[in-house]
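Step one of this worksheet: look at the structure below.
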Amino acid sequence: MGSRTKKVIVFLIVAFFVYAIFVAPVQAANILQSIWNIIVEAFYALLAFFDALLDG
C-alpha cells in the first residue's frame, strides 16, 4: 500500500472514532473501559506467569 492510502485509512478510522464518541459517548466510554480492563488483566496474567516461572 502506498503512503497516501495508509494516510486515508488512518484518517477514516480516526474520523469514525470521533463520530462514535459524539454520537454515543456513554457506549464509547464503556468500550474504552472494557479495552483497558482487557489490557490490565493481560498484564497481570503476564506478571503472574513470570512470577511462577521464577519461583520454579
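Readers should treat all values here as calculations from the given coordinates under stated rules, not as data from a laboratory. On a predicted model such as this, the values are computed, not experimentally measured, just so you know. Because the Cβ atoms are built from the backbone with ideal geometry, glycine has one as well, and the counts that use them run over all protein chains shown.
Taking first residues from the stretch 5-31 that are of a type in the set (Phe, Trp, Tyr) and partners that are surrounded by 11 or more Cβ atoms within 10 Å (Cβ to Cβ), the Cβ contacts under 8 Å between residues at least 6 apart in sequence or on separate chains come to Phe17/Ala28.
Within the stretch 17-32, the set of residues being loosely packed, with under 10 Cβ neighbours inside 10 Å and not aliphatic (A, V, I, L, M) comprises just one member, Phe22.
Just one of (1) under 15 Å from the mean Cα position of the chain (by Cα); (2) exposed (fewer than 10 other Cβ atoms within 10 Å of the Cβ) fails for Val14. It is (2).
Ala42: in a helix (DSSP H, G or I), exposed (fewer than 10 other Cβ atoms within 10 Å of the Cβ) and at negative phi, yes or no? No, not satisfied.
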